[in-house]
Amino acid sequence: MLDAPKSQPQDLETIARSGGVLRRMAARIPTYLTDVRENPVWLPMFLLARTMPFRKAHWLTAKPVRSSAGATPSMFGNLQAKAIATELRRTGIFVGLTLPAPIQEEIARFGHETPCFGNFERRLEFLAGEHASAERRFGRTILSGHHFERVLQCDAAIAVQRDPLLLDVARHYLGGEAKLITTRTWWSFPAKSASESDLSRASFKFHFDLDDWRMLKFFFYLSDVDADAGPHVYVRGSHNRRRLKHQLTLLVGHPADEVLSFYGEDSAITLTGKAGTGFVEDPFGFHRGTLAKQSPRLMMEVGFGVSKPSKRRYHGEPTIR
């Protein structure tokens, strides 16, 4: 099972929030402009979905879930989608998923044997086992390594994204129009030193995702994750209440002390567990990654939404010109 001790603010948060906000926003402008050109309805979503009145209004448009004619077996056993959706509405997170060992092992093998791209940059290509030499070769601190579209070469990863329980949970929570948006795998690597730019890109600040009006994300640890391996942190209940200050800003990331003082330190859980453990969350709730201190972490995400997905780039990758 997932161990969920209370989370505490860390010194890295102070580093990540110091300066650079305008620079980071300016760097994202080309990506935002491409989003608008590709899908004009993206702009009102980006501006309004962060506010609770408009967000709640959009939830009222959710289509009812059609009853399934027959239950399709799931690799996750007899978990009930409706019960999971109920827990998600209450806390924003459900922590009872476990990948079958053969599936976990196959995806982990893929993660080790397939080159990844460091810090979302395709020119920084290397195998996870060569992380230290890659940092020396590129002269860069590398905190993450994403596989981007290569994950689609992994049959076990495809089996997870197609598992009927995931879509069933998504439809019970998001509405009948819920659809698969993205599947990704990535490494988080330990680093002896990291710049402010590295830390801000790695999402060490508490933040919420704003890629759609309504979203749901399943996460699976593909390696053992303890307190020193970069565990994920989620603030329970923050998905359905939002401080006014956090609604009336274009920034999605906020300092830990500011977030926890409003939503409560007891609401934050740090998710650790053995390889194969997983959870599902509403990513509009505040969450964050933590810095891997000793061991690298391999993780998988399967995301669902209700709007047209972008096929132009993969998660975190800058606009391709």
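Close amide-amide hydrogen proximity is noted between Phe120 and His146, each under 5 Å apart and 5 or more residues distant or on a separate chain (H modeled in the peptide plane; Pro and chain starts excluded). Modelled label positions at Ile158 and Gln294, each set 7 Å beyond Cα in the direction of Cβ, lie 3.9 nm from each other. The peptide list 254-262, 81-89, put in order of mean Cβ contacts within 10 Å with the highest first, becomes 254-262, 81-89. Near Pro100, once Lys and Arg are set to +1 and Asp and Glu to -1 for all other residues with Cβ below 12 Å from its Cβ, the sum equals -3. Each Lys or Arg adds one and each Asp or Glu subtracts one; over the other residues with Cβ under 10 Å from the Cβ of Lys63, this totals +1.
If we sort 45-56, 211-222 on the protection proxy, mean other Cβ atoms within 10 Å, highest first, what's the order? Before the final figure, lay out the partial values.
On the way: 45-56: 15.3, 211-222: 23.5.
Order by mean packing, descending: 211-222, 45-56.
Straight Cα distances below 24 angstrom link Lys192 to the lysines Lys205, Lys293, with same-chain residues fewer than 8 positions distant left out. Highest mean packing comes first when the peptides 169-178, 116-125 are listed by Cβ atoms within 10 Å, giving 169-178, 116-125.
Bear in mind that the values in this text are calculations on the coordinates, not laboratory data. Note that the structure is predicted; figures quoted are calculated from it, not measured. Every residue, glycine as well, gets a Cβ built from its backbone with ideal geometry; the counts of neighbours run over all protein chains shown.
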